[in-house]
Amino acid sequence: MGKTFIIARRETIAYLTSPSMYVIAAVFAGITGYFFVDGISVPFPEATVSPYAGAIMLALVFIAPALTMRLFAEELRLGTLDLVMSAPVNEWQVTLGKYVGVLVPFAFMLMVTLFFTALLYWLGTPDSGPILTAYLGLFLYGAAALAVGLWASSITANQALAAVVGIGLLVLFSVTQIAAASTTGWIADVLQMLSIVDHFANFRRGVFDLSDVAYYVSLIATFLFLCVRTLESRRWL
Amino acid sequence: MIEIEHVTKRYGAITSVDDVSFSVPLGEVVGFVGPNGAGKSTTMKIIACLLPPNEGSVKVAGFDTVYQSTNARRNLGYLPESVPLYADMTVRSYLDYMGALRDIPKRERGRLVDGVIDKVGVGEYRNRSIRTLSKGYRQRVGIGQAILHEPPVVILDEPTNGLDPAQMVEMRKLIKDLGKDHAVLLSSHLLSEIALICDRMVVISRGRIVGDGSIGELAKTAKLGASATAEDIFMSLTGTAEAQATDG
């Protein structure tokens with residue numbers, strides 16, 4: 001646990017002192033802001049996070065891999081991972097350390113969007129329940145997207161390629177429910193179940209369902225496990 | 001301190017290291033010499049627990065590098081050929097980070113980090129970002145992280161590569177001093193360079209050990225006279241001269 005924390009702290013500091021992190025955060029806040037204004041500009045607007053929660057989800061398909069692409073790819077390119085692995089550290093500690101290290105700046109980014117939520121309370125009287133569940137859902141969705149991006153970063157020393165693979169996988173996870181609509185039977189059920197977007201629908205409506213939480217947690221666990229195996233496989237090549 | 005026994009490493013059909021055996025005792029600096037691509041870095045990665053051998057075994061401070069890897073890693077310091085450092089960190093914060101990963105308790109870390117900063121001579125740059133350091137100073141920081149936790153075993157892969165003559169003289173002195181209380185394995189593709197630092201050299205060529213001993217003993221192995229230069233011995237042992245003649 002100690003070393004996971006040490007690695008996480010280094011990564012978080014590296015993010016917070018990197019100019020590109022602030023560019024990414026600004027783009028993220030900009031997109032959220034645009035859809036917030038768009039959502040309240042209609043006649044009879046509703047005081048809900050729903051319009052910009054959808055935008056945050058869409059933005060994260062690109063922003064999560066942009067955040068994670070450097071985590072392993074840069075270390076693989078420079079060879080710094082060899083130095084870390086020559087210390088008494090194991091692959092789980094490195095993977096979890098890096099994961100927590102990116103989760104913290106992501107949580108900060110998400111917290112910035114609370115500004116728009118505060119505006120909702122100022123402009124109207126929103127229902128707090130769906131806001132709470134939507135933020136919980138967004139955090140879980142983002143955490144899953146970061147795990148996918150982290151794994152993409154572990155398979156290549158090329159950061160751009162890591163981002164492309166991460167975005168590709170997230171797009172794939174986002175369109176399975178569309179594919180499910182054009183088929184039937186158990187294939188449709190599986191495709192529906194795999195959809196990273198579909199599991200957010202309940203959170204957005206204000207419904208807290210443990211099966212949705214379990215889906216995101218399983219996705220995170222699966223990709224972190226893949227990441228550990230990818231790192232381990234470097235020894236056996 | 002380092003015991004390598006019949007180590008073989010294959011990458012697919014290519015045998016990179018072929019039945020290599022040698023040892024490095026405490027208090028000795030051993031030079032590991034060979035032409036580029038001879039298997040030096042692979043052997044060093046095996047010792048540093050980064051690669052498992054296909055056959056044979058390596059022990060660091062008595063611990064097997066595959067089955068007792070964590071304990072082996074606690075007892076070694078390693079500097080890879082490319083001197084990979086985190087450019088965004090300052091010298092001090094980087095050394096503190098590596099010290100934490102190497103199990104140095106927080107209360108001792110400050111003292112050890114300051115001690116090693118003075119030892120490798122980067123005192124005036126301690127709060128500078130690694131990005132701004134010259135190659136020679138990066139090399140020193142790289143050696144600093146390898147000896148920070150006072151390991152009995154230190155593995156340095158081409159530490160003098162790319163240094164200017166003045167830096168090279170300082171590096172030699174630093175490594176000789178290290179040899180007094182560590183088992184140091186140091187690689188280079190220049191026998192003449194390494195003969196200035198080490199009393200004993202292990203010569204590797206095409207993955208096999210072709211010589212082990214002092215410069216005089218190596219000359220005997222190569223069946224050359226006492227007047228032979230380090231280059232003659234190196235070329236004769238590694239077959240580089242023949243290879244060059246064939247290539248030419």
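The values are calculated or read from the model by the stated rules, or taken from the named source; none is laboratory data. Since the structure is predicted, the reported quantities are computational estimates derived from the model, not experimental observations. Cβ: placed from backbone, ideal geometry, glycine included. Neighbour counts: every protein chain shown.
A:ALA14 - would you say it is more than 10 Å from every other protein chain (Cβ to nearest Cβ), under 26 Å from A:ALA160 (Cβ atoms), surrounded by fewer than 21 Cβ atoms within 10 Å (Cβ to Cβ) and in contact (Cβ under 8 Å) with a residue 60 or more places away in the chain? Taking the combined requirement at face value, the residue does not satisfy it.
What residue, of B:ALA100, B:ALA87, is free of Cβ contacts under 8 Å to residues at least 24 places away in the same chain and either out of contact with any His (no Cβ under 8 Å at 6 or more places or on another chain) or buried (at least 19 other Cβ atoms within 10 Å of the Cβ) (or both)?
When all the criteria are applied, what remains is B:ALA100.
Quick grid of which residues meet (1) within 30 Å of A:THR133 (Cβ to Cβ); (2) modelled with pLDDT under 95; (3) small (Gly, Ala, Ser):
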| residue | (1), (2), (3) |
| --- | --- |
| A:PHE5 | yes, no, no |
| A:SER20 | no, yes, yes |
| A:ILE24 | yes, yes, no |
| A:SER41 | yes, yes, yes |
| A:GLY79 | no, yes, yes |
| A:VAL89 | no, yes, no |
| A:VAL94 | no, no, no |
| A:VAL102 | yes, no, no |
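Output yes when any residue across the stretch A:147-166 is part of a helix (DSSP H, G or I), modelled with pLDDT under 90 and surrounded by fewer than 17 Cβ atoms within 10 Å (Cβ to Cβ), and no when none is. No. When you scan the stretch B:61-73, do you find a residue that is farther than 18 Å from B:TYR125 by Cβ, at the interface with chain A (Cβ under 10 Å from one of its Cβ atoms) and crowded, with 22+ Cβ neighbours inside 10 Å, even just one? Yes: the stretch B:61-73 contains one or more residues that are farther than 18 Å from B:TYR125 by Cβ, at the interface with chain A (Cβ under 10 Å from one of its Cβ atoms) and crowded, with 22+ Cβ neighbours inside 10 Å. Selection of the stretch A:174-195 for residues being surrounded by 13 or more Cβ atoms within 10 Å (Cβ to Cβ) and either among the aromatic types (Phe, Trp, Tyr) or touching a residue at least 24 places away in the same chain (Cβ under 8 Å) (or both) yields only A:SER174. Regarding the stretch B:200-214, can at least one residue be identified that is assigned by TED's automatic domain parsing to the domain that holds B:ASN36, of a type in the set (Ser, Thr, Tyr) and surrounded by fewer than 22 Cβ atoms within 10 Å (Cβ to Cβ)? Checked the stretch B:200-214: at least one residue is assigned by TED's automatic domain parsing to the domain that holds B:ASN36, of a type in the set (Ser, Thr, Tyr) and surrounded by fewer than 22 Cβ atoms within 10 Å (Cβ to Cβ).
Among the residues making up the stretch B:82-116, those that are part of a loop (DSSP other than H, G, I, E, B), over 21 Å from the mean Cα position of the chain (by Cα) and at the interface with chain A (Cβ under 10 Å from one of its Cβ atoms) are B:ALA87, B:ASP88, B:MET89, B:ASP103.
For the residues A:VAL213, A:VAL171, A:VAL217, A:VAL207, the requirement of being over 30 Å from A:SER128 (Cβ atoms) and either loosely packed, with under 15 Cβ neighbours inside 10 Å or not aromatic (Phe, Trp, Tyr) (or both) singles out A:VAL171. Residues in the stretch A:223-233 that are in contact (Cβ under 8 Å) with a residue 40 or more places away in the chain and surrounded by 14 or more Cβ atoms within 10 Å (Cβ to Cβ): A:PHE223, A:LEU224, A:LEU226, A:CYS227, A:VAL228, A:THR230, A:LEU231.
Residues of the stretch A:75-129 that are among the polar types (S, T, N, Q) and away from chain B (no Cβ under 14 Å): A:THR95, A:THR113, A:THR117, A:THR125, A:SER128.
Checked against (1) more than 25 Å from B:LEU148 (Cα to Cα); (2) within 14 Å of chain B (Cβ to nearest Cβ); (3) among the hydrophobic types (A, V, I, L, M, F, W, C), A:ALA25 passes all but a single condition, namely (2).
Determine, yes or no, whether B:THR42 is over 18 Å from the mean Cα position of the chain (by Cα), farther than 25 Å from B:LYS173 by Cβ and in the same structural domain as B:GLU231 (by TED's automatic domain parsing). Against the criterion (over 18 Å from the mean Cα position of the chain (by Cα), farther than 25 Å from B:LYS173 by Cβ and in the same structural domain as B:GLU231 (by TED's automatic domain parsing)), B:THR42 does not qualify.
With the requirement that a residue be polar (S, T, N, Q) and free of Cβ contacts under 8 Å to residues at least 40 places away in the same chain, what does the stretch B:53-84 give you? Don't jump to the end; show me each part of the working.
At the first step, the residues of the stretch B:53-84 found to be polar (S, T, N, Q) are B:54, B:57, B:65, B:68-71, B:75, B:82.
Scanning the stretch B:53-84 gives B:THR65, B:GLN68, B:SER69, B:THR70, B:ASN71, B:SER82.
Filtered by the rule that a residue be at pLDDT below 90 and among the polar types (S, T, N, Q), the stretch B:140-168 gives B:THR160, B:ASN161, B:GLN167. On the stretch given as the stretch A:25-34, residues that are among the hydrophobic types (A, V, I, L, M, F, W, C) and crowded, with 20+ Cβ neighbours inside 10 Å total 1. In the stretch B:10-24, the residue that is farthest from B:LYS59 (Cα to Cα) out of those that are β-branched (Val, Ile, Thr) and surrounded by fewer than 17 Cβ atoms within 10 Å (Cβ to Cβ) is B:ILE14.
Can you pull out the helices (runs of 4 or more DSSP H) entirely within the stretch B:120-217 that have at least 2 residues that are touching a strand residue (DSSP E or B) at 6+ places or on another chain (Cβ under 8 Å) and within 16 Å of B:LYS40 (Cβ to Cβ)? Steps first, answer last, please.
Details: elements: B:135-147, B:165-178, B:191-195.
Output list reads B:191-195.
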